[in-house]
Amino acid sequence: MKLTTCFVALAGQSSAWSYTTNTRYTAHIKVDARQTYQTMIGGGCSGAFGIACQQFGSLGLSPENQERVTQILFDENIGGLSIVRNDIGSSPGTTILPTCPATPNGKFNYVWDGSDNCQFNLTKTALKYNPNLYVYADAWSAPGCMKTVGTENLGGQICGVRGTNCKYDWRQAYANYLIQYVKFYKEEGIDISLLGAWNEPDFNPFTYESMLSDGYQAKDFLEILYPTLKKAFPKVDVSCCDATGARQERNILYELQQAGGEKFFDIATWHNYQSNPERPFNAGGKSNIQTEWADGTGPWNSTWDYSGQLAEGLQWALYMHNAFVNSDTSGYTHWWCAQDTSGDNALIRLDRDSYEVSPRLWAFAQYFRFARPGSVRIDATSDIENVYVTAYVNRNGTVAIPVINAAHFPYDLTIELEGVKKRKLSAYLTDNSHNVTLQSRYRISGNSLKVTVEARAMKTFWLE
């Protein structure tokens, strides 16, 4: 199905559990701008492993729809995404170092092909719709010649960290390699925001690029990368370490701190596959971003709330809420942006020259169209267990209050505002019949709002 507008809802699908009652259910929410938490970076997705090529026509998507799909994802008034995560490839055909020298002191002949496995086109086009794009460049592995196993696959470690017994220490060479990727993008006029050296260092998939590390070994490499990068690009941040889950990331961060390496990274990065965020990260007060997750096990899911399956839009709204509140997470990144697929790894499903938007994207939009990069989360609480609320103050003073109603019936809300002086209110709804649809707009007076949030829905209240 090709969407003719980004706000087309799925007709005829309603939650199997929503119903009307003879009782009006009420909830009380308090928003207090005097209490602040993390600064937000945004939502995002990736085009890694050549999937970006599908978004840019390799399987038949027309130039017009290539633009439209990218706009839906990254336009502030549509999908609202702000993060692109690029893979610094190490495999033949994707690496910037096609031939590795025999020793770290050899000549490094780096090559820039202007494509970066189509990720450059994704980044460049996304910048058209979001000029403040946050670009995360992350390596799954060092080139094989720099590792204990001699190949980009099969895990292994970077030569030179503790526990390795290589002929040469390749740590500086790997740091230079990563920084060269940043230089290539800079020469094209694109700034990298965040640089990473690992992807899931606690997991060896054997069949694709990977490199293992614990926190002690991470310190051994980051103590080389961090000063080298800061000398070349002082404004580019360093990540650690894209573990498979929140618990696994905490373990790596603990070991990194024990080794004395906590000063060698700027942002903690983690995935949501193996474990969920349940409490703040032990990152020394530094920001954290969830940088990859998707279900990956089921067929394409086109519903907001139908069966409770974890790839539905409502579930993703709750996942993000929990990360923002439980772990002060600043950004949340889906796995792929757009893919020609029958599975649910992407936010937009491509089928030759047609596309379909997953309601998961509307969950992102309910947050990030309104809580823009640089916004600050402020205190927001609900007295009802199944009514979830967060709130954010943007740099321009506007306020976003996303509310999720997980109940199977509507709630009448009273929202008390402390430290918020805005007088214009707009309400945007996503449920099985609406996709970030404007429901009402009116002026307010006083410090209390009387509003309603529909069953199994997410509604963002926008104050300006």
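The values are calculated or read from the model by the stated rules, or taken from the named source; none is laboratory data. These numbers come from a predicted model, not from an experiment. So basically every Cβ, Gly included, is an ideal-geometry build from the backbone, and we count neighbours across all protein chains shown. The area values use the complete protein model at the heavy-atom level, side chains included, leaving out ligands, DNA and RNA. Shrake-Rupley method; radii C 1.70, N 1.55, O 1.52, S 1.80 Å.
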Amide H partners (placed H, <5 Å) of Trp293, local residues excluded: Trp335
Among the lysines, which fall within straight-line cross-link reach of Lys231, defined as a Cα-Cα distance under 17 Å, with same-chain neighbours fewer than 8 residues apart omitted? Lys183, Lys186, Lys263
For the chain, with every protein chain kept in place, what is the accessible area per residue (1.4 Å probe, Å²)? 39
Show which aspartates and glutamates lie in cross-link reach of Lys230 when reach means a straight Cα distance below 19 angstrom and same-chain residues fewer than eight apart are skipped. Asp138, Glu187, Asp191, Asp220, Glu262, Asp266
Out of the GluC sites (Glu not before Pro) in the range 101-189, which ones are loop residues according to DSSP with at most 15 other C-beta atoms within 10 Å? Glu188
Can you figure out the FRET efficiency of Cys166 with Gln257, using R₀ = 22 Å and their beta-carbon distance, to the nearest 0.05? 0.25
Mind jotting down the distance between the C-alpha centroids of the range 66-88 and the range 251-308, whole Å? 21
Virtual spin-label span in nm between Arg247 and Gln274, 7 Å along Cα→Cβ: 1.0
Which whole-angstrom value gives the distance between the alpha carbon centres of the range 90-155 and the range 396-447? 44
Relative to the Cα centre, what is the charge dipole magnitude of the chain, using +1 at the beta carbon of each Lys and Arg, -1 at the beta carbon of each Asp and Glu, and rounding to the nearest 20 debye? 1240
Flagged links, alpha-carbon separation over 24 Å, of Lys128/Lys424; Lys30/Lys424; Lys107/Lys219; Lys124/Lys235: Lys128/Lys424; Lys107/Lys219
Using alpha-carbon pairs under 8 Å, 6+ residues apart, how would you state the relative contact order of the chain in percent? 21
Among [x] 0.97; [y] 1.32; [z] 0.99, the entry derived from the coordinates for Rg/Rh (Cα atoms, Kirkwood Rh): [z]
Separation in nanometres of the label points that stand 7 Å from Cα toward Cβ, at Asn77 and Arg423: 2.6
Of the heavy-atom accessible surface of the range 41-374 (probe 1.4 angstrom), what whole percent is carbon and sulfur? 46
For the range 352-464, fraction of C-alpha pairs farther apart than 21 Å, in %: 35
Are there trypsin sites (Lys or Arg not before Pro) in the range 72-156 that DSSP marks as loop and that have at most 15 other Cβ atoms within 10 Å, and which are they? Lys107
Simple spin-label estimate for Thr297 and Gln309 in nanometres, 7 Å along Cα-Cβ: 1.3
Kindly work out what percent of the DSSP beta bridges joining two residues of the chain are antiparallel, to the nearest 5. 55
Which loop trypsin sites (Lys or Arg not before Pro) in the range 203-249, with loop taken from DSSP, have no more than 11 other Cβ atoms within 10 angstrom of their Cβ? Lys235
Can you compute the helix-only [θ] at 222 nm over the chain? Use -39500 (n - 2.57) per DSSP H run of at least 4 residues, normalise by all residues, nearest 500 deg cm²/dmol. -7000 deg cm²/dmol
Would you mind listing how long the range 232-318 runs along its three principal axes, going by Cα atoms, in whole Å with the largest first? 48, 28, 20
